[in-house]
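Asker: Sharing a structure here in structure tokens format.
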Amino acid sequence: MSEPVEGGAGRRPGCLSIGIVRRVMSDTRSARHMRTWSCLWLASPTMVAVMDAATEELRGAHDALAEFYAARLADVLDRMPAERAVLGLFCDLTLAADLGTSVGDIGCGTGRLAPYLAATGLSPQGIDLSPRMIEVARRDYPGFSFDVADLRDLPFADASLAGAVCWYSLMFLAPPARPAAFAELARVIKPGGYLATAFKAGDGQLRRAGGSTSLGVEFDIYWLPPEEMERRMTDAGFSTVFWAGRPPEGQEGSPQGYLLTRKS
Ligand SMILES: C[S@@+](CC[C@H](N)C(=O)[O-])C[C@H]1O[C@@H](n2cnc3c(N)ncnc32)[C@H](O)[C@@H]1O
């Protein structure tokens, strides 16, 4: 997947900043999502969410990118047989596991994968950190379920999903956040269910993305070593079913990695 930028290493000060509580708070399924953020009760009876600076930056950037992605990515899967092949394998194996049809589209962005997953017989439920991405997904793919949530605190019950896809959505996690995030994915997937992920493959160094657009956004991104991805999946309770990679195509700035795993 082409990311609208690749950049050099960089880091912001690790300060905390206060974000406004959004619609997510009125979403009953997302109430537990607030655990991801610390909550402050001010002198006034207004609760505000405290979101770390990197997450706030990432969310704001993807809010700004939502229409850009909607215009650029809507039909890109039609032109990407390798991505359809990996997603197709995920769909086939998940359906064959006979664990139900509910699957998570974790970090769903504009929701472009939902019709593909649904066409195979699966019932995707998309979640994304960015409220604007979710608004666009609901607008462009009505009839599907999309909610604002953080993949580090998923709004799904334990062992409630037959599978999940994390399509280019795990590349933003800083290394210390990865074990808990992968454990959270393991929590919601049924034993025997499948997890498919696509990611920019590389050396694991922090990069900055977003700057090549005229949108004035930047955010942290990691090109992930496939060996590390596989190890972290294994540590979280998944076993590898299939892995693959390919060189960059078109405007992609990095090789792409794919990993399909099964929950033990
Ligand atoms: C490169 S886009 C990919 C979107 C979609 N999966 C696709 O393939 O079109 C990455 C998406 O992951 C979302 N994301 C990043 N970190 C997230 C997190 N911690 N929780 C939920 N979504 C996240 C972003 O908001 C963004 O929409």
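Asker: Taking amide H atoms as placed 1.01 Å from N in the peptide plane, list the residues 5 or more away in sequence, or in a different chain, whose amide H sits under 5 Å from that of residue 147.
Answerer: HN-HN under 5 Å from residue 147: 126, 127, 128.
Asker: In the stretch 56-263, with Lys and Arg counted as +1 and Asp and Glu as -1 at Cβ, which of these residues, 202, 242, 223, has the Cα nearest the positive end of the dipole, that is, farthest along it?
Answerer: Of the options given, the answer is 242.
Asker: Once the cut-off is 21 Å, how many percent of the Cα-Cα pairs in the stretch 127-264 end up in the long-distance tail?
Answerer: Working: 4342 of 9453 pairs.
Roughly 46 percent, rounded to a whole number.
Asker: Next question. Just to check I understand the Karplus step: with θ = phi - 60° and J = 6.51 cos²θ - 1.76 cosθ + 1.60, what whole-Hz values come out for the stretch 75-80, glycine and proline as x?
Answerer: 10, 5, 4, 4, 9, 10
Asker: How do 110, 55, 101 rank when sorted from fewest to most other Cβ atoms within 10 Å of their own Cβ?
Answerer: 101, 55, 110
Asker: Same structure again: What residue among 65, 87, 143 has its Cα farthest toward the positive end of the dipole of the stretch 56-263, where the charges are +1 on Lys, Arg and -1 on Asp, Glu, each on the Cβ?
Answerer: Among 65, 87, 143, the one farthest towards the positive end of the dipole of the stretch 56-263 is 87.
Asker: Now a separate question. Mean separation of Cα pairs under 8 Å and 6+ residues apart, divided by the residue count of the stretch 56-263: what relative contact order is that in percent?
Answerer: Details: 420 pairs, mean separation 39.9, N = 208.
After rounding, I find 19 percent.
Asker: Can you run phi through the Karplus equation (6.51, -1.76, 1.60; θ = phi - 60°) for the stretch 129-143 and list ³J(HN,Hα) in whole Hz, with x for Gly and Pro?
Answerer: For the stretch 129-143, the Karplus curve yields 5, 8, x, 5, 4, 5, 4, 5, 4, 5, 5, 7, 10, x, x Hz.
Asker: Within 10 Å of each residue's Cβ, count the other Cβ atoms and sort 190, 200, 263 from fewest upward.
Answerer: The fewest-first ordering by Cβ neighbours comes to 190, 200, 263.
Asker: Something else now. Pull up all non-local amide H partners of residue 257: gap of 5 or more, or a different chain, and H-to-H distance under 5 Å with H placed in the peptide plane.
Answerer: For residue 257, the qualifying residues are 199, 200, 201.
Asker: When 77, 122 are ordered from fewest to most other Cβ atoms inside 10 Å of their Cβ, what list results? Working shown, then result.
Answerer: Details: 77 17, 122 21.
Ranked by crowding around the Cβ, least crowded first: 77, 122.
Asker: Say a paramagnetic label sat at a point 7 Å from the Cα of residue 82, along Cα to Cβ; which residues of the stretch 225-244 have their backbone N under 15 Å from it?
Answerer: Residues 226, 243-244 qualify, since their backbone N sits under 15 Å from the label point.
Asker: Remind me, relative contact order of the stretch 36-179 in percent, using alpha carbon pairs under 8 angstrom and six or more residues apart?
Answerer: 23
Every number in this text was worked out from the coordinates using simple rules, so none of it is lab data. Fair warning: this is a prediction, and the values are worked out from it, not measured in the lab. Cβ atoms come from the backbone with ideal geometry, glycine included; neighbour counts cover every protein chain shown.
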